[in-house]
């Protein structure tokens, strides 16, 4: 069962929601932070060598601490508007995507495995298209 670590602003409701829809294999705690885009961009540059903003980043932890999820507030707002759903729905889409990365999934190299899991969990949660399905 996923448990949320430190709560911050709009991320407060994401922990309980993730606990309900997370894969059964997910055990541990995590931190979700909704950050200004410039902070997420700086993290992306520092840890991934990409000098660009991004919607969500995941930083794996160790042991029962799954890790950290950083979500760009501005990009989430922009994507929500573009896709005509609420920013809270977009936060859920991004948190789910980030959680799957913390659990070891990698859509760039797993031959669609992460996409299938994400699609199943999105249906369970009644969410619109996820990040992988959008691209």
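Please treat every number below as a calculation from the coordinates, not as lab data. Here the structure is a predicted model, which is why all the values come from computation and not from measurement. Reconstructed Cβ throughout: ideal geometry from the backbone, glycine too, with neighbour counts over all protein chains shown.
Over the chain, what is the percentage of antiparallel beta bridges among all DSSP beta bridges, to the nearest 5? Kindly include the intermediate steps, with their values, before the conclusion.
On the way: 5 of 15 bridges.
So the antiparallel bridges amount to about 35 percent of the total.
Grab the beta carbon distance between residue 27 and residue 116, set R0 = 22 Å, and tell me the FRET efficiency rounded to 0.05.
Values: r = 21 Å, r/R0 = 0.95.
Efficiency, rounded to the nearest 0.05: 0.55.
Place the peptides 58-65, 88-95 in order of packing, highest mean first, counting for every residue the other Cβ atoms within 10 Å and averaging per peptide.
Working: 58-65: 12.9, 88-95: 23.0.
In decreasing order of mean packing, 58-65, 88-95 become 88-95, 58-65.
From Cα pairs below 8 angstrom and at least 6 apart in sequence, can you work out the relative contact order of the chain, rounded to a whole percent?
20 percent
Using R₀ = 22 Å, calculate the FRET efficiency as 1/(1 + (r/R₀)^6) where r is the Cβ-Cβ separation of residue 74 and residue 52; round to 0.05. Don't skip to the end; give the middle numbers.
Details: r = 13 Å, r/R0 = 0.60.
The computed FRET efficiency comes out at 0.95.
Based on other C-beta atoms within 10 Å, arrange 82, 96 from fewest to most. Mind dumping the intermediate values first?
Details: 82 9, 96 24.
Exposure proxy ranking, most exposed first: 82, 96.
What spacing in nm lies between the two simple spin-label points modelled at residue 19 and residue 87, each 7 Å away from Cα in the Cβ direction?
2.5 nm
For the chain, modelled as a GNM with alpha-carbon contacts under 10 angstrom, which of 52, 119, 80 fluctuates the most?
52
What translational diffusion coefficient, to the nearest whole µm²/s, does the chain have by Stokes-Einstein, given a Kirkwood radius computed over alpha-carbon pairs, a temperature of 10 °C and 1.306 mPa s viscosity? Mind showing how you got there, number by number?
Numbers: Rh = 14.8 Å.
The estimated diffusion coefficient comes to 108 µm²/s.
At R0 = 35 Å, how high is the FRET efficiency between residue 125 and residue 42 if r is their beta carbon distance? Nearest 0.05 is fine.
Working: r = 30 Å, r/R0 = 0.87.
Computed FRET efficiency for residue 125 and residue 42 comes out at 0.70.
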